[in-house]
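Here is the structure we will look at, set down as structure tokens.
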């Protein structure tokens, strides 16, 4: 658990969220946001994540377990740590 927490703290410390405003949610999650990106850590599950929005409005979110999502306007592509890809469009959703 300490190793995961250290990894999460390092992830936040070396990201652009290092000087972000952080708060703790009622469920125990720590969430940080600096206006350009956000990150967080859930001590119950050990999940840490970081999110950045580019100039085109696409948000890229990465987890400490290797997952990645690219989303915009409720549509997006998710790649799981196991390599599975899931897509949601305006008319369709599914995984391969």
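The values are calculated or read from the model by the stated rules, or taken from the named source; none is laboratory data. Just so it is clear, the model here is predicted, and its values are computed rather than measured. Ideal geometry is used to build each Cβ from the backbone, glycine not excepted, and the neighbour counts take in all protein chains shown.
Here are the numbers for this structure:
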quantity: Residue list for the range 33-58, filter: surrounded by fewer than 16 Cβ atoms within 10 Å (Cβ to Cβ) and part of a strand (DSSP E or B); calculated: 33
quantity: All positions within the range 60-96 that are in a loop (DSSP other than H, G, I, E, B) and surrounded by 11 or more Cβ atoms within 10 Å (Cβ to Cβ); calculated: 64, 65, 66, 67, 80, 81, 84, 89
quantity: Residue in the range 2-58 that is modelled with the highest pLDDT, counting only those that are out of contact with any strand residue (DSSP E or B) (no Cβ under 6 Å at 6 or more places or on another chain) and on the phi > 0 side of the Ramachandran plot; calculated: 46
